[in-house]
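Just below is one structure, and these are the notes that go with it.
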Amino acid sequence: MGKEILKVEDLVVKLEDETIISNLSFELEKGQAVTILGPNGAGKTVLLKTLLGFFSYQGKIQWQKGVKVGYVPQRIPFVKNFPISVKEFFQLKTKDEKEIKEILKLVGFNENFSKRKLGEISSGQYQRILIAWALIGNPDVLLFDEPTTGIDISGEDTIYQLLERLKKEKNLTIILVTHDLSVVFKFSDYVICLNKCPICQGKPKEVITAESLSKLYGQEIKFYEHKH
Amino acid sequence: MLQFFLSLISAIFIGGVAGYLGSLMLSKKMTIVIDPLSHLALPGVALALIFQKDISLGAFLFLFLGSILIWFFEQKTKLPTETIIAILFTISLAITFLFLSEHEIEEALVGNISKIGKVESLIIVLVSIFVFFLIKKIYPKLTLISISEDLAMAEKIDLKKYQFLYILSISAIVAMGVKFVGGLLVAGLTVLPAASARNLSKNLKTFKLLSSLFGILSAILGIFLFQLTNFPAGPLIVISGFLIFLISIILKKT
């Protein structure tokens, strides 16, 4: 019996007649962490959004029955236009006060923090709040789109340590989009190198080689070499 | 005396629900639609005056038509919404000026409160209550949409549906508001209380409450000033809203 929580076969995504992703197949088991690595514009964010059902596609995307998915988008602007407290932001998703309190504690915030204005917390705190928000309702899978810009990380937990801990404590399956090679090695059991079509996929130590990387980022690397 | 009472009651209800709606104008994109939309109501008001029908009805029909036109032009041309709205705004003013006599134009632009009858007041109260509950219902989802459309979509929220209900609420308020303050000033009923409330709130709950309260307060103040001075009530209501805004700036803790 297959234990796959997600099965993707021959996935093709076209947006306004442009092919963004082609010929992607992979399987994901419960508790696994998958990273998706690739240059800008490679279709990583589109892949996550397609898995969430935002876009139409060809091929097969099959989630295990009853699977709940949480999502942390790549870029959410700060809420500057209107006042909303951290707690009220969570109340948009759940009415369960106890759950809000517990989730906040899980990502390292005390109860007082919930009264803060969402627009006035730091970007590192905001990132953690968004992860906590995605965890409301106890999802089995977390899709995390890493922000392109750096984030100031306060406290001793980095985002990845936090994700690592959550993965263990909640037995989460995680799909993570990243640019950071060290994250791929430290964090994931499986990596998909994506540049519109899959360049390589498998265990990071086996498939990430100088050769596959230059294929993945090929043109950029050549570009820099010409400069010298 | 009865006329005064009817005006006051109607103004309180419209003011309150307009203020509440104002607090829902959470993003720039959401705020930007009220002004042009209210101008779209003008040709409807004009035609209603000519055919001696209820001006709110005329306004509402044209608002509805206008929203559909905006959507249609957007689909066909890919021009930015602001451009399309500006086009419709100009043409609505042109049509209004074409048809109306000077006196009627004044009524269309700044409203006329002394005409509110018993039945109209009752309708205003009922529609206000309906719109209040409509806004209350769509508030959380629209808040999430304005924070992040990605998050909203992940929650399987139908963006189009909520944008439509939002436009519908605005249309209803504008249609009722034109009677009081006219097509040019109706945006003031929503924007001013919300701006004042924003100055004084730390969370959504106070923001909503204060915005509705300030809407009611400017309506009461405006109607009383109207009774005292006999200047048109519409501008007085908006000026009251502005006074509250000034006070909110003074009270704002930095």
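Values in this text are rule-based calculations from the coordinates and carry no lab data. Quick caveat: nothing in here was measured; it's all calculated off a predicted structure. Don't worry about glycine lacking a Cβ; one is built from the backbone with ideal geometry, like all the others, and counts go over all protein chains shown.
Some notes on this structure:
- Cα-Cα separations in the stretch B:165-254 greater than 17 Å, expressed as whole percent: 50 percent
- Seen from a random direction on average, the alpha-carbon convex hull of the stretch B:84-208 projects onto 10.1 square nanometres.
- Relative contact order of chain B: 33 percent, from C-alpha pairs under 8 Å at least 6 residues apart in sequence.
- Across the stretch B:28-37, rounded Karplus estimates of 3J(HN,Hα) from the backbone phi angles (6.51 cos²θ - 1.76 cosθ + 1.60, θ = phi - 60°) give 4, 4, 6, 6, 5, 7, 5, 4, x, 4 Hz, Gly and Pro being marked x.
- If you take the Cα centroid of the stretch B:87-122 and the Cα centroid of the stretch A:82-116, the two points sit 47 Å apart.
- Computed over chain A with a Gaussian network model linking Cα atoms closer than 10 Å, the most mobile of A:G38, A:G53, A:G108 is A:G53.
- Principal axis extents of the Cα atoms in chain A, from largest to smallest and rounded to whole angstrom, are 52, 51, 36.
- Computed over the stretch B:144-190, Kirkwood Rh from alpha-carbon pairs, angstrom: 12.2 Å
- Placing one equal scatterer on every Cα of the stretch B:34-124 and applying the Debye formula, the log10 ratio I(q)/I(0) at q = 0.11, 0.13, 0.16, 0.21 Å⁻¹ is -0.34, -0.46, -0.66, -0.99.
- The protein assembly as shown - Kirkwood radius from inverse mean 1/r over Cα pairs (Å): 25.4 Å
- Share of alpha-carbon pairs per 10 Å distance bin for the stretch B:92-131, given as whole %: 25, 33, 32, 9
- Normalised by residue number, the volume inside the convex hull of the Cα atoms of the stretch B:115-164 is 79 Å³ per residue.
- Of B:M176, B:M30, B:M153, the one that fluctuates the most in a GNM where chain B has Cα springs shorter than 10 Å: B:M153
- For A:Y71, residues with placed amide H under 5 Å, excluding near neighbours: A:L143
- Ranked by how many other beta carbons lie within 10 Å on average, peptides B:7-16, B:159-168 from highest: B:7-16, B:159-168
- Projection of the Cα convex hull of chain B, averaged over all directions and equal to a quarter of that hull's surface, yields 14.1 nm².
- Highest-MSF residue in chain A out of A:G218, A:G124, A:G137 [GNM, Cα springs under 10 Å]: A:G218
- Averaged over the residues of A:72-85, the number of partner chain Cβ atoms lying within 10 Å of the residue Cβ comes to 6.
- At 1.567 mPa s and 4 °C, Stokes diffusion of the stretch A:1-85 via Kirkwood alpha-carbon radius, µm² per second: 87 µm²/s
- Take each residue in B:148-161, count the other chain C-beta atoms within 10 Å of its C-beta, and the mean is 4.
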